[in-house]
1. On a full-extension model of 0.36 nm per residue, what is the gain between Ile530 and Glu150, subtracting their alpha-carbon distance, rounded to one decimal in nm?
2. How much net charge surrounds Asp87 when only the other residues with a Cβ under 13 Å from the Cβ of Asp87 are counted, with Lys and Arg +1 and Asp and Glu -1?
3. Rounded to the nearest 0.05, what FRET efficiency do His578 and Arg450 have when you use their Cβ-Cβ distance and R0 = 25 Å?
4. Using per-residue counts of other Cβ atoms within 10 Å, averaged over each peptide, order 349-357, 320-328 from highest down.
5. Among 269-277, 284-292, how do they line up by average Cβ neighbours within 10 Å per residue, starting with the highest?
6. Report the convex hull volume per residue for region 136-184, counting only C-alpha atoms, in Å³.
7. For region 546-575 and region 127-185, what is the centre-to-centre distance using only Cα atoms, to the nearest Å?
8. Counting only other residues whose beta carbon sits under 15 Å from that of Asp127, what net charge do I get with K and R as +1, D and E as -1?
Amino acid sequence: MSGTERSRSPEHPRSVVGLARSQHGLRGAARGMYQGSSMRRSPGTTHAYWLVGIVAATTVVVLLGFHQLARERDAMRFRNATEAVQDSIRARLDAHVAILLATRGQVASDPDGIDVHSFRTFVGYLDLPARYPGILGVGFTRRLRPHEVEAAVAETIAHGQVPFRVWPAEPRDEVHAILFLEPLDRRNQAALGYDMFTDPVRREAMARARDTGEPAASGKVTLVQEIDDQKQAGFLIYVPVYEGGARPSTLDERREKLVGFVYSPFRMEDLLRGVFGTQAYPRIAFDIYDGPQVQPEALMHRGVVRAPDAPRARSVVQMDIAGRPWSIDMRSTAAFAASSTIPVFPWLVGLAVLLNVAFCVAMYAQVRARRREDAARQRLAVLADSSQRFSEAQLDLPLVLRTITRELAHRLGDSCTINLVDETGAFLELAETCHVDPAAETSLRELLAREKDLDAVYIMTPDHLHATIALAAMRVGKHVITHKPLGNVLREAQIVIRAARETGAATHMFCASGLESTAEHTEWLDAGTIGPVREVHNWSNRPYWPQGMTSLPAEAVPVPEGLDWDLWLGPVPHRPYHPAYTNAVFRGWYDFCTGALGDMGHYSFFQVFKMLRLGSPLSVEASRSQYWRIEDLLWKKQTNAVSYPQASLIRWEFPERQGLPPVTLHWYDG
């Protein structure tokens, strides 16, 4: 149906979509003005490359520093753990030596009068099993000449130490038989009468204690108390007892005046269990060796917790135990490695690589976006002058169409042709006035499919069709000019913006009037003439169309002749036709428009946002008029889910920006 054959209906909305085509096209016009300018590398691109390099170098430095700090932290943790092991062993053995020194004082006070009962009483007061776990007992061995042995045995038996004998029986110059050993359990009973001086390892320690007058520990031995199958490595600590109690000043005197020794035997595993309790050191595994070297035959204790074959940290330390060196092989365990931050390092490297890649991608995207923005700005420059004239035209639609025709003809040459897409033929007279092609199109889809050389689409329809038409045009490579708003809801606007970026279409939205006062007022603000602006109040006399409806029209109204109602609805769910939806009254419905704010806010807010350099708000707060009606003689609040309120008040809070103070923006309508 041609435009001249269509009837006009007063109920029908005035809608127009303008499309421009030419032999050379908008792309050619823009290319001639800006050829080659988009290929030059901008300073921002060079800065971006430098920034990527600096970030990468900083990341490497930080990661290396973290790795070094982690290694130093592990070394410190390991050193602290090994020192804790040594301190625990040393503290316990120092306590045992103190017991031996106290016992020596008791014995030295009356070496001839000491007997099994007094010795047992004294040691019993020490309560060894409860207070000093790990020590087998405290004993006394007297030095005897061969002719003194028989009398000593008889005296010991007379004091109740039955049975008792001195062993081994081989003849020797002097005997050091164990006379007392408390507590006298079954293990210690097996040691009574034993001459420890007959064993070379024990004899070395006893001679060292005798000659120095100091406590002396033996090397690794198997104690005579090992009467069970489960045997442990052992050692002994000797404290010499001299006549008169005091330590003689010369070596010869010390050898001459020696009475005997107070000593303690130790089973190694029992001792360490007493030192560390039932809990093993989970972060440190340690083996103890007798002597200054780590040799298998000198092993005295193998740690309960085993270390990995390749421990993260290892150290062999030496301890002096009553004049005898011990070598302790310390190794970190799996628990130590698990608590280390070094295993996190590969993950940090991976994360850093990902973050750097993401940063590079973001910078690359920013550079590309800047280039696209520059290219789009250059393409849109050809429409800059016409945009100003369109804005000044405002709602004078005939003037808008004449301006479009004149500007496109000027830009594109004599071959410019304008097609009007109009569902009623209402603008055919404008087409004649503007000297454009009088052909009118009912369907945009049909026009886009048929006219392949169209360059641009200009949209002035009800709000709910803006996004649909813009997307359809951009997807087939057309540039788009649209009246405000971009879409009827925020999601539509976001989709349109994304499509413009993806397709590279030149786009423009008419949303404000060009007022000469805007520049003047901006100069006042910049100069501080009126002081800092902290509040803006914006009033509108809209709506002057119906709003506040709580339900859709119920009455059935026939569709006017010539109106394609389904085409007019576009993306809105179907509903029966009603004149309350069309012409200017469509602005009151959620589905068809954006209300008073979306209709008039663009015009006044454009000046405010430009002068005050406003961006995204920190918060938005809104209130609205409410709806009540009488039901059963009572006021009942009504729910409105279909139309905008009769009045609203909206407040935006904006942050500081570019040296300007925070601003509160108020909107009032209704």
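1. The Ile530-Glu150 span can extend by a further 124.6 nm.
2. Neighbour charge sum, excluding Asp87 itself: +1.
3. On the way: r = 33 Å, r/R0 = 1.31.
Efficiency computed from Cβ-Cβ geometry: 0.15.
4. The packing order, highest mean first, is 320-328, 349-357.
5. Top to bottom by mean Cβ count within 10 Å: 284-292, 269-277.
6. 80
7. Between the Cα centre of region 546-575 and that of region 127-185, the gap is 118 Å.
8. Local charge sum for Asp127: 0.
Each value in this text was obtained by applying a stated rule to the coordinates, not by laboratory testing. As the structure is a computational prediction, the values presented were derived from the model and not from experiment. So basically every Cβ, Gly included, is an ideal-geometry build from the backbone, and we count neighbours across all protein chains shown.
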